[in-house]
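Student: Please see the structure below; I have some questions.
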Amino acid sequence: MKKIQFWIALWAGKAFLWWYKKTGHVRNDRPGMVSMRLCSDFLKYVAKPELTIAVSGTNGKTTISSVVAGLLEDQGKTVSFNDWGANHHAGHARCILDAVSIFNRPTKDAVVIEMDELISPINVPKIKPNYLIVTNLARDSMERNAHPEYIGAQLKKAAEGSPDTVVIVNADDPLSCFVGEHNRHLYYGVFDQHSHSIPAIANDFTVCPNCGAKPVYHYRNYRHIGDFVCPNCGLKSPNRDFFVEAADHTSITMRQPDGVFTYPILSPAVHNIYNLAAIIALFRDMGLSPEQLAEGLKKAKLPVSRESREIVGGIELITQVAKGQNPTAVSTVFENVVKDPSEKEIILMLDELFKDPNKTETVAWIYDTDYEYLNNEHIHKIVIGGERYLDHRLRLLLAGVPEEKLVYMRDVYETANHVDFDGISKIYVLHDVNSITRGKMVRDAVKERILNERGTASK
């Protein structure tokens, strides 16, 4: 009976996928939703390409998935990848539907699947990917996630349910580094950045999970990410198979099992150095030579939805996603901004409002977020826009940011008119993951103002 349901689900899903593509609705998960509703075990029975890669973790999933898919395509492989971040059941089904024929035979070389941590123990054992990359774990949305230890337990179940999957995991993250202990695993890490580690409101790793003692860090690169040890029971960061030994604004130097190699950098932000380390570990294990990988990385770019940089009229205009409702993600972006010593202004638009009148957006997360980082002498002004502008204004005032540095308004598109260009070298536009289009529009409006006032070209 299940097999009959599967074939109906496959043919229905393929029919819907054909229609959605024909009508220009490519970025839609409904074909996958149809298949999952007709057969709950669709992901178990559907054929997978020769190479299947799953990416999970609190932060960095979309960045790693996008770069991995791009590098595979650069090698001439055909790839199925939901580049809009559809990381639940329907998105996974939609992704694999695009990689098989109506006869359930693979039609593409690879599939890259961004996977939500909470559904990983359900879908990883069904999909049985060749590789599972775990980026990190941290406190996330109060509405969507439980505490990080619970999420870590779910990822452990996921790996245990697919024993042949190679797990690539961040050795510097004490909350996720022990995922996949019984699988073949590869550990990656990053050297001590020797940067001042700014104290955080939230600490996701306060006690040793084995004995309850207070862990000690040899170094901490950001938040709870670093090289740790428990002085009581000896639990410590695993030995890194792939370790970034040095980094600058153009490249990283990585120690690997077969030597030390240099690779182009995608972004100087420390969290993106970790993302790059995971990507290198994956492709080196797949057999790509350091030289081939370095050439591919020269052409690779971070997804524009996550970060973009452009110099306009002598000012670097930077857009970055600050994932609202996620205090760790937003705090990490804030920390990265203030570690940049440039004179700067910030446009802040962190609303995640729901159209459904039966849902309520909580603002409690902003009190778990380190707005204190933005109380910095190199930040000349913070322009706040969006429906929650007064909440963010209050939070910044409580963080000690002088009121004279704050400009605030409901209309996000008006924010571009309130940045000043004198005495600064950078403007950061920090927007929510659900405000990508608005972020681009605000960036373009700032760019137009600079060009009109300074009359110089961008590069």
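The values are calculated or read from the model by the stated rules, or taken from the named source; none is laboratory data. What you see is a predicted model, and the numbers here were worked out from it, not measured in a lab. Here Cβ is always computed from backbone atoms with ideal geometry, including for glycine, and neighbour counts include all displayed protein chains. SASA here: full protein model, heavy atoms, side chains in, ligands and nucleic acids out. Shrake-Rupley method; radii C 1.70, N 1.55, O 1.52, S 1.80 Å.
Student: Can you name every residue in region 129-155 that is in contact with a helix residue (DSSP H, G or I) (Cβ under 9 Å, 6 or more places away or on another chain), surrounded by fewer than 24 Cβ atoms within 10 Å (Cβ to Cβ) and over 26 Å from Trp365 (Cβ atoms)?
Tutor: Tyr131
Student: Kindly list the number of the only condition in (1) part of a loop (DSSP other than H, G, I, E, B); (2) open to solvent by less than 30 Å² (accessible area, probe 1.4 Å) that fails for Leu71.
Tutor: Of the numbered conditions (1) part of a loop (DSSP other than H, G, I, E, B); (2) open to solvent by less than 30 Å² (accessible area, probe 1.4 Å), the odd one out for Leu71 is (1).
Student: Among the residues of region 221-252, what is the count of those that are open to solvent by 40 Å² or more (accessible area, probe 1.4 Å) and of a type in the set (Val, Ile, Thr)?
Tutor: Counting residues in region 221-252 that are open to solvent by 40 Å² or more (accessible area, probe 1.4 Å) and of a type in the set (Val, Ile, Thr) gives 1.
Student: Next up: Filter region 431-459 for residues that are touching a helix residue (DSSP H, G or I) at 6+ places or on another chain (Cβ under 6 Å) and modelled with pLDDT of 90 or more and give the result.
Tutor: If the condition is that a residue be touching a helix residue (DSSP H, G or I) at 6+ places or on another chain (Cβ under 6 Å) and modelled with pLDDT of 90 or more, then His431, Val442, Ala445, Val446 are the ones that fit.
Student: Could you check region 156-165 and list, in sequence order, the residues that are surrounded by fewer than 21 Cβ atoms within 10 Å (Cβ to Cβ) and either in contact with a helix residue (DSSP H, G or I) (Cβ under 7 Å, 6 or more places away or on another chain) or assigned to a loop (DSSP other than H, G, I, E, B) (or both)?
Tutor: Hits for region 156-165 are Lys157, Gly161, Pro163, Asp164.
Student: Let me ask something else about it. Go through the residues of region 114-123 one by one and say whether even a single one is part of a strand (DSSP E or B), in contact with a Phe, Trp or Tyr (Cβ under 9 Å, 6 or more places away or on another chain) and touching a residue at least 40 places away in the same chain (Cβ under 8 Å).
Tutor: yes
Student: On to the next question. Any chance you could count how many residues in region 385-412 are in a helix (DSSP H, G or I), at pLDDT 95 or above and β-branched (Val, Ile, Thr)?
Tutor: 0
Student: Identify, by number, the condition in (1) in contact (Cβ under 8 Å) with a residue 60 or more places away in the chain; (2) open to solvent by less than 30 Å² (accessible area, probe 1.4 Å); (3) touching a Gly at 6+ places or on another chain (Cβ under 8 Å) that Pro49 doesn't meet.
Tutor: Exception for Pro49: condition (3).
Student: Has region 142-154 got at least one residue that is aliphatic (A, V, I, L, M) and touching a residue at least 60 places away in the same chain (Cβ under 8 Å)? So that I can check it myself, show each step before the final result.
Tutor: Pass one, region 142-154, residues aliphatic (A, V, I, L, M): 142, 146, 151, 153.
From the residues that got through so far, the ones that are touching a residue at least 60 places away in the same chain (Cβ under 8 Å) too are 142, 151.
Yes: region 142-154 contains one or more residues that are aliphatic (A, V, I, L, M) and touching a residue at least 60 places away in the same chain (Cβ under 8 Å).
Student: Take Asp391 and decide whether it is within 16 Å of Gln320 (Cα to Cα) and charged (D, E, K, R).
Tutor: no
Student: If you don't mind, there's one more thing I want to ask. Checking Trp11 against (1) open to solvent by 70 Å² or more (accessible area, probe 1.4 Å); (2) within 26 Å of Asp164 (Cβ to Cβ); (3) of a type outside the set (S, T, N, Q); (4) part of a helix (DSSP H, G or I), only one condition comes out false. Which one?
Tutor: (2)
Student: Please go through region 200-216 and pick out each residue that is open to solvent by 60 Å² or more (accessible area, probe 1.4 Å) and either in a loop (DSSP other than H, G, I, E, B) or of a type in the set (Ser, Thr, Tyr) (or both). Spell out the reasoning first.
Tutor: Going residue by residue through region 200-216, those that are open to solvent by 60 Å² or more (accessible area, probe 1.4 Å) are 201, 203, 206-207, 209-210, 214, 216.
Within region 200-216, Ile201, Asn203, Thr206, Val207, Pro209, Asn210, Lys214 meet the criteria.
Student: Any residue at all in region 413-427 that's in a helix (DSSP H, G or I), of a type in the set (Val, Ile, Thr) and at pLDDT below 95?
Tutor: No, because not a single residue in region 413-427 is in a helix (DSSP H, G or I), of a type in the set (Val, Ile, Thr) and at pLDDT below 95.
Student: Another question, then. Kindly provide the set of residues from region 371-384 that are open to solvent by 10 Å² or more (accessible area, probe 1.4 Å) and assigned to a strand (DSSP E or B), ordered by number.
Tutor: His380, Lys381, listed by residue number.
Student: Quick one: in region 302-331, which of the residues that are more than 12 Å from the chain's Cα centre (by Cα) and open to solvent by 30 Å² or more (accessible area, probe 1.4 Å) is farthest from Ile436 (Cα to Cα)?
Tutor: Top of the filtered list is Gly314.
Student: Please indicate, with yes or no, whether at least one residue in region 152-167 is under 16 Å from the mean Cα position of the chain (by Cα) and under 30 Å from Val216 (Cβ atoms).
Tutor: Looking through region 152-167, none of the residues is under 16 Å from the mean Cα position of the chain (by Cα) and under 30 Å from Val216 (Cβ atoms).
Student: Let me ask something additional. Give me the pairs: first residue in region 295-312 and free of Cβ contacts under 8 Å to residues at least 12 places away in the same chain, second residue in a strand (DSSP E or B), beta-carbon distance under 7 Å, and six or more apart or on different chains, which are they?
Tutor: Pairs that qualify, where the first residue is free of Cβ contacts under 8 Å to residues at least 12 places away in the same chain and the partner is in a strand (DSSP E or B), are Arg309/Glu316; Arg309/Ile318.
Student: Now for a different question. Could you tell me which of the residues Ile201, Ile225 is in contact (Cβ under 8 Å) with a residue 40 or more places away in the chain and under 20 Å from the mean Cα position of the chain (by Cα)?
Tutor: Answer to the check: Ile225.
Student: Right, here's the next one. Could you figure out which of (1) in a loop (DSSP other than H, G, I, E, B); (2) touching a residue at least 60 places away in the same chain (Cβ under 8 Å); (3) within 18 Å of the chain's Cα centre (by Cα) isn't true of Pro129?
Tutor: (3)
Here's the yes/no breakdown for (1) outside any helix (DSSP H, G or I); (2) more than 22 Å from Leu186 (Cα to Cα):
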| site | (1), (2) |
| --- | --- |
| Gly234 | yes, no |
| Pro238 | yes, no |
| Arg255 | yes, no |
| Lys298 | no, yes |
| Leu302 | yes, yes |
| Ser305 | yes, yes |
| Arg309 | yes, yes |
| Gln320 | yes, yes |
| Ala329 | no, yes |
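Student: Going through region 254-282 one residue at a time, which ones are open to solvent by 30 Å² or more (accessible area, probe 1.4 Å) and free of Cβ contacts under 8 Å to residues at least 40 places away in the same chain?
Tutor: Selection gives Arg255, Pro257, Asp258, Val260, Phe261, Thr262, Pro268.
Student: Now for a separate question. For Glu335, state whether it is modelled with pLDDT of 95 or more, open to solvent by less than 10 Å² (accessible area, probe 1.4 Å), of a type in the set (D, E, K, R) and not in a loop (DSSP other than H, G, I, E, B).
Tutor: Working: modelled with pLDDT of 95 or more: no; open to solvent by less than 10 Å² (accessible area, probe 1.4 Å): yes; of a type in the set (D, E, K, R): yes; not in a loop (DSSP other than H, G, I, E, B): yes.
So Glu335 does not fit the description; no.
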